[in-house]
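Encoded as structure tokens, the structure appears first; notes follow it.
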Amino acid sequence: MTSLNFRKINIESYKPGRSILKKKKNVIKLSANESALGTSPKVLKILQSKNYKISKYPDSKAIDLRKLISSKFKCDFNKIICGSGSDEVIQMICQLFLKSGDEVIVPQYSFLMYRIYASIVGAKVVFSKEKKFRVSVTNIIKKVNKKTKIVFIANPNNPTGTYLEKKELINLRKKLNNKILLVVDDAYDEYMKDKNYSSGLNIFKNKKNVFVLRTFSKIYGLASLRVGWGYGDRKIINALNMIKPPFNVNKIAQLCAIESLKDSKFINKSVKHNLFWSKKIKNSLEQFNIFCNKVSANFLLLNFDKCKLTANNVEKKLLKKGLILRDTKTYGIKNCLRLTIGNNSENKLFLKNINRIFKNV
Ligand SMILES: Cc1ncc(COP(=O)(O)O)c(C=O)c1O
């Protein structure tokens, strides 16, 4: 028998959090940092009302969407590239910048796709140490060497929820060699209300050696449609356009992303909802000695180190009630769970079940 030869891929592939449970019809998924309030009614309306010509290919350059992004975010149309989720943009950046022998630096507890895509193209992933689940600029700088090509930062970071303040991000860019690309992932930017925080896009709009990532999967509620974008120097964008699959963002995704950007009312409502519930849940959990990061994005990292029960224990008890949280072991974080802020009834049910669990301890 002839056997085919292909590259040996020696990586740990991405394992999404659970979204179904055996024996349970109604589950509440608080494990993937999706939008608590779903999708803007304006998006739902156009989804139902339009007669889409799906037999035709979509606009490969996503011109209308990029035009609207450019005017909404006051940034250069020519420096925007859209992707099938920001995921695809991360993948393309890795393809463009990295080859075997290169190194990338990712914080110890960061979003998994940076290390996965970097490894796939043969780069070595170097982990910078964190302090109390917080990215350390000093440690990143320590890890830099001649082979370093990219530093990835999600700000705020998933799954820790911690973030670098504006001055820390600026300091990181200053201290890094100019030839290293800094990728700042703004996936959760819209939720941020701390005055010391500023998005990668706002800080680095005109920097040639910073690349910014954005997504429609979080506050815009379009996770299933797969649409995100990247922002960077024109030379980088031109090169990315050469490797980009021609019709990577489908027509419906482009239309819905446009519609979702127009609905500021829905975004403001989502931000308010998130702030209210993040604070409420954080405070409620403290009575059981479950502690979280400072409120930031649409999720909390629950730490059970001081609690009577372990994360594993609580996770199992919640699963029995149909509530799914994200186990953080795949991120290398022990005794923690990541909780996505849900809608009103989901959050109430979560708190009710937590109260029940601890009443019986
Ligand atoms: C920090 C961060 N970046 C990117 C993504 C991926 O987003 P997308 O759905 O646009 O691929 C996520 C998703 O969880 C994320 O947490």
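Any idea which residue in the stretch 24-62 is nearest to ASN158 (Cα to Cα), counting only those that are of a type in the set (Gly, Ala, Ser) and more than 16 Å from the ligand (Cβ to nearest atom)? Among those that are of a type in the set (Gly, Ala, Ser) and more than 16 Å from the ligand (Cβ to nearest atom), it is SER40. When residues in the stretch 209-262 are screened for being over 19 Å from CYS75 (Cβ atoms) and in contact with a Gly (Cβ under 7 Å, 6 or more places away or on another chain), 4 of them pass.
Does the stretch 57-68 contain at least one residue that is loosely packed, with under 10 Cβ neighbours inside 10 Å and not in a loop (DSSP other than H, G, I, E, B)? No, the stretch 57-68 contains no residue that is loosely packed, with under 10 Cβ neighbours inside 10 Å and not in a loop (DSSP other than H, G, I, E, B). A single entry from SER217, SER224 fulfils the requirement of being hydroxyl-bearing (Ser, Thr, Tyr), assigned by TED's automatic domain parsing to the domain that holds ALA154 and surrounded by fewer than 17 Cβ atoms within 10 Å (Cβ to Cβ): SER224. Considering every residue within the stretch 54-62, establish whether at least one is in contact with a helix residue (DSSP H, G or I) (Cβ under 9 Å, 6 or more places away or on another chain) and under 22 Å from ILE219 (Cα atoms). Yes, the conditions are met somewhere in the stretch 54-62. For beta carbons closer than 7 Å, sequence separation of 6+ or different chains, a first residue in the stretch 136-153 that is without any contact (Cβ under 8 Å) to a residue 60 or more places away in the chain and a second that is part of a loop (DSSP other than H, G, I, E, B) and among the acidic types (Asp, Glu), the qualifying pairs are LYS147/ASP102; LYS149/ASP102. Within the stretch 266-294, the set of residues being in contact with a helix residue (DSSP H, G or I) (Cβ under 6 Å, 6 or more places away or on another chain) and under 18 Å from GLU315 (Cβ atoms) comprises SER284, PHE288, CYS292. Which is of a type in the set (Val, Ile, Thr) and within 24 Å of the chain's Cα centre (by Cα), of ILE105, ILE46, ILE9? The conditions single out ILE105. Is it the case that the stretch 297-314 has a residue that's at positive phi and either in contact with an Asp or Glu (Cβ under 7 Å, 6 or more places away or on another chain) or not charged (D, E, K, R) (or both)? The answer is no, given that none of the residues of the stretch 297-314 is at positive phi and either in contact with an Asp or Glu (Cβ under 7 Å, 6 or more places away or on another chain) or not charged (D, E, K, R) (or both). Taken together, ILE290, ILE354 contain a single residue that is modelled with pLDDT of 95 or more, under 30 Å from TYR114 (Cα atoms) and not assigned by TED's automatic domain parsing to the domain that holds SER217, which is ILE290. Being within 16 Å of the ligand (Cβ to nearest atom), of a type in the set (Lys, Arg) and not in a strand (DSSP E or B) is the filter here; which residues of the stretch 193-238 pass it? Matches in the stretch 193-238: LYS218, ARG226.
Going by what's in this entry, would LEU339 be described as over 23 Å from SER224 (Cβ atoms), within 23 Å of the chain's Cα centre (by Cα) and either assigned to a strand (DSSP E or B) or among the β-branched types (Val, Ile, Thr) (or both)? Criteria not met by LEU339. The residues of the stretch 300-334 that are among the polar types (S, T, N, Q) and crowded, with 18+ Cβ neighbours inside 10 Å, listed by number, are ASN303, THR328. When every residue of the stretch 76-99 is checked against the conditions, at least one turns out to be within 13 Å of the ligand (Cβ to nearest atom) and among the charged types (D, E, K, R).
Does VAL249 satisfy being assigned by TED's automatic domain parsing to the domain that holds TYR114, under 23 Å from ALA32 (Cα atoms) and touching a residue at least 40 places away in the same chain (Cβ under 8 Å)?
Spelling it out, VAL249 is indeed assigned by TED's automatic domain parsing to the domain that holds TYR114, under 23 Å from ALA32 (Cα atoms) and touching a residue at least 40 places away in the same chain (Cβ under 8 Å).
Pick out the one residue from SER110, SER86, SER128, SER136 that is surrounded by fewer than 20 Cβ atoms within 10 Å (Cβ to Cβ) and of a type in the set (Ser, Thr, Tyr).
Answer to the selection: SER136.
Examine the stretch 104-118 for a residue that is part of a helix (DSSP H, G or I), more than 16 Å from the ligand (Cβ to nearest atom) and on the phi < 0 side of the Ramachandran plot, and state whether such a residue exists. Within the stretch 104-118 (the criterion being part of a helix (DSSP H, G or I), more than 16 Å from the ligand (Cβ to nearest atom) and on the phi < 0 side of the Ramachandran plot), the answer is no, since none of the residues qualifies.
Among the residues of the stretch 160-192, write down those that are over 20 Å from PHE216 (Cβ atoms) and part of a loop (DSSP other than H, G, I, E, B). THR160, GLY161, THR162, TYR163, LEU164, GLU165, LEU176, ASN177, ASN178, LYS179, ILE180, listed by residue number.
Selection of the stretch 119-151 for residues being part of a strand (DSSP E or B) and either within 18 Å of PHE211 (Cα to Cα) or of a type in the set (Ser, Thr, Tyr) (or both) yields SER128, THR148, LYS149, ILE150, VAL151. Given the condition part of a helix (DSSP H, G or I), without any contact (Cβ under 8 Å) to a residue 60 or more places away in the chain and farther than 20 Å from PHE111 by Cβ, answer yes or no: does some residue in the stretch 325-335 qualify? Among the residues of the stretch 325-335, not one is part of a helix (DSSP H, G or I), without any contact (Cβ under 8 Å) to a residue 60 or more places away in the chain and farther than 20 Å from PHE111 by Cβ, which makes the answer no.
The values are calculated or read from the model by the stated rules, or taken from the named source; none is laboratory data. Just so you know, these numbers come straight off a predicted model, no measurement behind them. In this analysis, Cβ positions are derived from the backbone assuming ideal geometry, glycine residues included, and neighbour counts consider all displayed protein chains.
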